[in-house]
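Structure first, then comments.
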Amino acid sequence: MNKAKVERQTNLAMYLTGGRLLFSPMFAYLFFLPSFGARVLTFVLLIISEVSDLFDGYIARKRNEVTDLGKVLDPLADSVMHMTIFLCLTWDHLIPLPMILVIIYRESIVATLRTVCAFRSVVISARASGKAKTACMATGIIIVMFLRILESLQLHLPYNAVYLTIFSIITAVTFWSAIDYVWANAKHIRVT
């Protein structure tokens, strides 16, 4: 890759996306620290990550800096961050394992689909179902992480019922998104 191509691929939006990739292990580390401050920090890190996710695509489009690499790394950063959070929440027994499996399967299916298409010189951009899934996940995760802060203050709320409702919605939207991606891109994965 020549220098001009690298310069076109690295821009503010790409730095925001890269930052989200770096936030994932930081989130996991903080999640397991047994303190109120760590819960607050994980919440703040989550908010920064989700806000940067909103702005990286907007900045790339506004500055006419959309790249094929960005189209691949942005959903990857979303998946890595969200999977890190979901695995932490599963480890903490807040998400039933079958729900997280649906999410993992969807992410694996779409990643494989993107790879197959890339080999065929087709770049799969984000679909409305993927954006809805990401928005649903972000909203649900923010609510759950905020409730974890309240829970550590020993406020008595029906946490488990709320968690189950949120993750049921996320799982349903995720399942729908998987079907939508496969259906919309089936022509690219047919054996020739």
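How charged is the neighbourhood of Gly130? Take every other residue with its Cβ under 12 Å from the Cβ of Gly130, and add Lys/Arg as +1 and Asp/Glu as -1.
Details: positive: Lys71, Arg106, Arg114, Arg127, Lys131, Lys133; negative: Asp74, Asp78, Glu107, Asp180.
Around Gly130, the surrounding residues sum to +2.
Out of the trypsin sites (Lys or Arg not before Pro) in the stretch 40-130, which ones are loop residues according to DSSP with at most 14 other C-beta atoms within 10 Å? Could you put the intermediate results ahead of the total?
On the way: sites: Arg61, Lys62, Arg63, Lys71, Arg106, Arg114, Arg120, Arg127; in loops: Arg63, Arg120, Arg127.
For trypsin sites (Lys or Arg not before Pro) across the stretch 40-130 that sit outside H, G, I, E and B with at most 14 neighbouring Cβ atoms in 10 Å, the list reads Arg63, Arg120.
Sort the stretch 3-189 into rounded, prolate or oblate with this rule: let a ≥ b ≥ c be the square roots of the eigenvalues of the Cα gyration tensor; rounded if a/c is under 1.5, and if a/c is not under 1.5, prolate when a/b is larger than b/c, oblate otherwise. Each step should come with its number before you reach the end.
On the way: a/c = 2.43, a/b = 1.45, b/c = 1.67.
Oblate shape, in that a/c is at least 1.5 and b/c is the bigger or equal ratio.
Given the options Ser129, Ser52, Ser121, which has the most mean-square fluctuation in a GNM of the chain, springs set between C-alpha atoms less than 10 angstrom apart?
Ser121
To the nearest 0.05, what FRET efficiency results for Glu65 and His156 with a Förster distance of 41 Å applied to their C-beta separation?
On the way: r = 49 Å, r/R0 = 1.20.
With a Förster radius of 41 Å, E is 0.25.
Rank Pro34, Pro96, Phe175 by how far each Cα sits towards the positive end of the charge dipole of the chain (+1 on Lys, Arg Cβ; -1 on Asp, Glu Cβ) and give me just the farthest.
Phe175
Rounded to the nearest 20 Debye, what is the dipole magnitude of the stretch 12-71 about its Cα centre when Lys and Arg each give +1 and Asp and Glu each give -1 at the C-beta?
Details: 6 positive and 5 negative charges, 15 e Å.
Taking the Cα centre of the stretch 12-71 as origin, the dipole is about 80 debye.
Could I have the simple spin-label model distance between Val116 and His93, label points 7 Å from Cα toward Cβ, reported in nm to one decimal?
Spacing of the two 7 Å Cα→Cβ label points: 4.0 nm.
What is the fewest-to-most order of Cys136, Cys117 by other Cβ atoms lying within 10 Å of their Cβ? Spell out each step's value before the answer.
Working: Cys136 19, Cys117 15.
Sorted ascending by nearby Cβ count, the order is Cys117, Cys136.
With +1 on each Lys and Arg Cβ and -1 on each Asp and Glu Cβ, how big is the dipole of the chain about its Cα centre, in debye rounded to the nearest 20?
Working: 18 positive and 12 negative charges, 146 e Å.
In debye, rounded to 20, the chain gives about 700.
Positive end of the charge dipole of the chain (Lys, Arg +1 and Asp, Glu -1 on Cβ, about the Cα centre): tell me which of Ile149, Ala184, Thr165 has its Cα farthest that way.
Of the candidates, Ala184 comes out farthest on the positive side.
All of the numbers you see were taken from the coordinates with simple rules; none came from a lab. Quick caveat, the model's predicted, so the values are computed rather than measured. For neighbour counting, all protein chains shown are included, and Cβ atoms are generated from backbone atoms with ideal geometry for every residue, glycine included.
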